[in-house]
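Worksheet for the structure shown next.
The values are calculated or read from the model by the stated rules, or taken from the named source; none is laboratory data. Everything quoted here is computed from the prediction, not taken from an experiment. All Cβ positions, even for glycine, are placed from backbone atoms using ideal geometry, and neighbour counts span all protein chains on display.
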Amino acid sequence: MEAEIIAVGTELLLGDILNTNAQFLSRELASLGINVHFQSVVGDNPERLESVVNLARSRSDLLIFSGGLGPTQDDLTKQTVAHAFGDELRFDEEELEKIRGFFTAWGRTMPENNRRQAYVPVHGRKIENHNGTAPGMIFEDTRAPGKYAVLLPGPPYELQPMFLDTVRPWLASMTHSALHSETLRVMGVGESHLEEKIGHLLENENPTAALYAKTAEVVIRVTARAKTEDEAKAMCEEYAKKFYDILGDKIYARGDAPIEHTVVRVLKEAGATVAFAESCTGGLVAERLTNVPGASAVFGYGACTYANEIKEKMLGVRRETLEAHGAVSSETAAEMARGVRRVSGATFGVGVTGIAGPDGGTPEKPVGTVYVSLATATDTYVQKLVLTGRTRATVRQSSAQHALDLVRRAALGLPQPAARRFDPDGPAHWNDDNTALRDV
């Protein structure tokens, strides 16, 4: 099956919105063994949209649209596709009540123009939208059976669940086989280095495996096709073992939950607690951890110590340390970690200090230089991150991600390969060159 992705919306052409839907859909279709040869973006113009639809219909078996299902006059995707595929639209009272229900839940009255969203195909089918007002829909060409169009709303938080819950199983059923996917989440290896290690495993036809780079981690998605779901699952399990054989404890979890969920779980299992002292991350590490239900069992203290005088007063960071090495240094990070552990009484103390940018860098410490430290009852570790060329938000998120991974490893009793043991009685100028992790 040959597929084409068409994104509808003038805001995409103007660059006001990043087209993340195309990336998501391309990866999902590839995992189903469906080839995507074309992608298009078209504005909210009926003539141009009709032209794009007719061209795509002439060369592809499956057209997947995102956007253009809103309530305004320029949201014409379903009318245009219905006409091209020889279908019509009917008014669906049940769908209208669902739309009204959304507005009622928001404490608002439904505008009259939202009635447009209650029109669905006569011959095709509608797709339930549990996160918004616009239903999706599937058309089959009445004049050319075997050609399909899938219409999905533009917001990713609506599109992705609709695709995963309804469209993906429908597409899988058309291939007369069952699909199962497993997601492996990897920390401590950048995408390029990871591909060098496991590149041969990415060339397999069934199961397939693909890498998706995220902020400071890489996701490996393993997908198997078989006659039954159980067979496909067993194939995924067996193939996943090959990744564990190579990557070991760098795989921190399976599934969709981010690292903070793993950290809360392993801390509970170890009967351990953690406290954070944050400078450049400004409370982000603590915020991510407390997003996890049950985090109160393992976390009770966090300090946002942005100013140097607060580092001194709250954490006991020595003035001579700040004067000799600066706030952004391995020495300061180590003293922050030890200080917050001492003040809180937690099992582990974590200190984060760095230059998130866009200003404040120097030739010796450019923007993106971050030190993350973890203190235990007996040892202190410091990891240096060199996150140059990143946005302020990405530097902060990456730093938080690495801080959480230090905690994960400590709770599990694992080595800290990306960090170095910090010796407070060692040389005044600690040589930390080997802690730089650039490919993250």
Which is under 29 Å from Pro258 (Cα atoms), modelled with pLDDT under 95, outside the structural domain of Ala56 (by TED's automatic domain parsing) and buried (at least 20 other Cβ atoms within 10 Å of the Cβ), of Glu203, Glu158, Glu182? Glu182
Can you work out which of the residues in region 341-391 that are among the basic types (Lys, Arg), under 23 Å from Gly188 (Cα atoms) and outside any strand (DSSP E or B) is modelled with the lowest pLDDT? Arg390
Which one of the conditions (1) within 26 Å of Val298 (Cα to Cα); (2) in a helix (DSSP H, G or I) does Glu320 fail to meet, given that it meets all the rest? (1)
With the condition kept exactly as written, say whether any residue in region 188-206 is among the β-branched types (Val, Ile, Thr) and more than 30 Å from Thr388 (Cβ to Cβ). no
Only one of Val36, Val41 that is modelled with pLDDT of 95 or more and of a type in the set (A, V, I, L, M): Val41
Near pairs, Cβ below 6 angstrom, 6+ apart or cross-chain, from region 17-38 (farther than 17 Å from Leu171 by Cα) to any residue that is among the hydroxyl-bearing types (Ser, Thr, Tyr) and modelled with pLDDT of 90 or more: Asn21/Ser66
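When you scan region 125-143, how many residues do you find that are surrounded by 12 or more Cβ atoms within 10 Å (Cβ to Cβ), in contact (Cβ under 8 Å) with a residue 40 or more places away in the chain and not hydroxyl-bearing (Ser, Thr, Tyr)?
Of the residues in that region, 8 qualify.
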Can you tell me which residues in region 385-408 are of a type in the set (Lys, Arg) and surrounded by fewer than 24 Cβ atoms within 10 Å (Cβ to Cβ)? Arg390, Arg392, Arg408
Going residue by residue through region 409-419, is there one that turns out to be assigned to a loop (DSSP other than H, G, I, E, B), at pLDDT 95 or above and loosely packed, with under 12 Cβ neighbours inside 10 Å? yes
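For region 48-70, state whether one or more residues are more than 22 Å from Leu25 (Cβ to Cβ), in contact (Cβ under 8 Å) with a residue 12 or more places away in the chain and not β-branched (Val, Ile, Thr).
No, region 48-70 contains no residue that is more than 22 Å from Leu25 (Cβ to Cβ), in contact (Cβ under 8 Å) with a residue 12 or more places away in the chain and not β-branched (Val, Ile, Thr).
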Just one of (1) touching a Leu at 6+ places or on another chain (Cβ under 9 Å); (2) assigned to a strand (DSSP E or B) trips up Arg90, so point out which. (1)
Could you grab me the full set of residues in region 284-305 that are surrounded by fewer than 16 Cβ atoms within 10 Å (Cβ to Cβ) and either of a type in the set (A, V, I, L, M) or part of a loop (DSSP other than H, G, I, E, B) (or both)? Asn291, Pro293, Gly294, Ala297
For region 80-120, give me each residue that is touching a residue at least 40 places away in the same chain (Cβ under 8 Å) and of a type in the set (S, T, N, Q). Asn113, Asn114, Gln117
Restrict the check to region 46-64 and report whether at least one residue is in a loop (DSSP other than H, G, I, E, B) and within 22 Å of Pro155 (Cβ to Cβ). no
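Table: residues versus (1) of a type in the set (A, V, I, L, M, F, W, C); (2) out of contact with any strand residue (DSSP E or B) (no Cβ under 8 Å at 6 or more places or on another chain); (3) farther than 18 Å from Leu374 by Cβ.
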residue: Asp245; (1), (2), (3): no, yes, yes
residue: Val266; (1), (2), (3): yes, yes, no
residue: Thr273; (1), (2), (3): no, no, no
residue: Ala277; (1), (2), (3): yes, no, no
residue: Asn291; (1), (2), (3): no, yes, yes
Answer yes or no: is there a residue in region 169-185 that is among the β-branched types (Val, Ile, Thr) and in a loop (DSSP other than H, G, I, E, B). yes
The condition from (1) closer than 27 Å to Glu2 by Cβ; (2) touching a residue at least 40 places away in the same chain (Cβ under 8 Å); (3) exposed (fewer than 15 other Cβ atoms within 10 Å of the Cβ) that Val167 misses is numbered (3)
Given the criteria out of contact with any Lys or Arg (no Cβ under 7 Å at 6 or more places or on another chain), more than 25 Å from Arg59 (Cα to Cα) and surrounded by 13 or more Cβ atoms within 10 Å (Cβ to Cβ), does Arg100 qualify? yes
Number of the condition not met by Arg225 [criteria: (1) in contact (Cβ under 8 Å) with a residue 60 or more places away in the chain; (2) in a helix (DSSP H, G or I)]: (2)
Quick test for you: out of Leu211, Leu194, pick the one residue that is buried (at least 22 other Cβ atoms within 10 Å of the Cβ) and closer than 26 Å to Leu414 by Cβ. Leu194
Please count how many residues of region 20-39 are buried (at least 18 other Cβ atoms within 10 Å of the Cβ) and farther than 24 Å from Glu205 by Cβ. 2
With without any contact (Cβ under 8 Å) to a residue 24 or more places away in the chain and within 13 Å of Thr281 (Cβ to Cβ) as the only criterion, which of Ala393, Ala356 stands out? Ala393
Kindly indicate whether Arg342 is in contact (Cβ under 8 Å) with a residue 24 or more places away in the chain, touching a strand residue (DSSP E or B) at 6+ places or on another chain (Cβ under 8 Å), basic (Lys, Arg) and surrounded by fewer than 23 Cβ atoms within 10 Å (Cβ to Cβ). yes
